[in-house]
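Single-structure report; data block below.
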Amino acid sequence: MTVVLYRVDERLIHGQVVIGWGYQLRPERYVVVDDVLARSDWEQDLYRLGAGDADVVFTTVEDARGSIARWRDESERSIVLTRDIGTMLALARGGTLSGENVNLGGLHHEPGRTEVLTYLHLSPDERGELEALVGEGVNVYARDLPDAHKVPVETLLS
Amino acid sequence: MSEQGVLGVVLAHGAMAAGMVDAVRRIAGDAADGLVAISNDGASPSELKRRLESAVGGQTCVVFVDLPSGSCGATALASAMDVPERCVLCGVNLPVLLDFVFNRGLPLQELLPRLVEKGRGSIQAMASG
């Protein structure tokens, strides 16, 4: 194993991830799976500022699906990030992430979303994506920081 | 730039911005009117951008952020791209903000290096054990 965390967080590489999770998991690489950012050099530069000494890779969903097995097998420790549930679901389709744990860490208030936890707001479509993610064999839970309470997906969807 | 000078926006995690602006007000009084506090608390990236733009309007400003990265830093940097009347300064501390509120009448190109020097100079080992 060396994908040490799969996380959905619309802020991607930011304080909670780099400091809160980073100090505990010691990642050597952040993999950001995002079709838009994979084509935006200036936005990539902004996110790289926050990653410290760790390597940062921006990739499309398609390329990530082809690379995920390699990331798991490598000795380098990776955190895989998406900024929405739909992208994580696209990555998980066909059992790619079956048996893996996916952390929901930050989806905030937007029109059409309702609050589930202070740091987690979901729209009806996102609830459907969450159910589909579970259907792909993924263990989904919410936890913004490593020492925070872990909330299972059943509670999120109830 | 307004008659009073450059606007200062403190954009930081949790209650830090409000606490720092409050501290400036307790020390400098009404001079703190030149500062606006914004928290990233509960904000999506788009909401944080909206909060910042709403505070700044079209004014010349310095956006003070806590960390050089993360949601606050990234929002501030993205907002300042190709906007010459907007600067971003990271690693905000109280001496920087106090210097800012008393010198915000200076042009940005003079003000910014002054603030950087003030901020760095205020971090000192005063009792090294």
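The values are calculated or read from the model by the stated rules, or taken from the named source; none is laboratory data. All of these numbers come straight from a predicted model, not from anything done at the bench. Note: ideal-geometry Cβ built from the backbone for every residue, glycine included; neighbour counts use all protein chains shown. Remember, those area values only see protein heavy atoms, side chains included, never the ligands or the DNA or RNA. Shrake-Rupley method; radii C 1.70, N 1.55, O 1.52, S 1.80 Å.
Filtering the stretch B:53-96 to residues that are among the charged types (D, E, K, R) and either surrounded by fewer than 17 Cβ atoms within 10 Å (Cβ to Cβ) or out of contact with any strand residue (DSSP E or B) (no Cβ under 6 Å at 6 or more places or on another chain) (or both) leaves B:E53, B:D82, B:E85. If B:L108 passes every condition in (1) hydrophobic (A, V, I, L, M, F, W, C); (2) more than 24 Å from B:G19 (Cβ to Cβ); (3) surrounded by fewer than 13 Cβ atoms within 10 Å (Cβ to Cβ) but one, which one does it miss? Every condition holds for B:L108 apart from (3). The residue that is farthest from the other protein chains (Cβ to nearest Cβ), counting only those in the stretch A:1-30 that are among the basic types (K, R) and touching a residue at least 60 places away in the same chain (Cβ under 8 Å), is A:R7. One residue alone among A:V33, A:V57 is open to solvent by 20 Å² or more (accessible area, probe 1.4 Å), more than 14 Å from chain B (Cβ to nearest Cβ) and modelled with pLDDT of 95 or more, and that residue is A:V57. Within the stretch B:108-129, residues that are more than 15 Å from B:C87 (Cα to Cα) sit with their Cβ atoms under 8 Å from residues that are among the small types (G, A, S), at 6+ positions apart or across chains, in these pairs: B:G119/B:G91.
Kindly provide the set of residues from the stretch B:36-74 that are within 12 Å of chain A (Cβ to nearest Cβ), in a helix (DSSP H, G or I), under 21 Å from A:P111 (Cα atoms) and of a type in the set (A, V, I, L, M, F, W, C), ordered by number. Across the stretch B:36-74, the qualifying residue is only B:L48. Within the stretch A:95-119, the set of residues being in a loop (DSSP other than H, G, I, E, B) and either away from chain B (no Cβ under 14 Å) or surrounded by fewer than 23 Cβ atoms within 10 Å (Cβ to Cβ) (or both) comprises A:T96, A:L97, A:S98, A:G99, A:E100, A:H109, A:E110, A:P111, A:G112, A:R113, A:T118, A:Y119.
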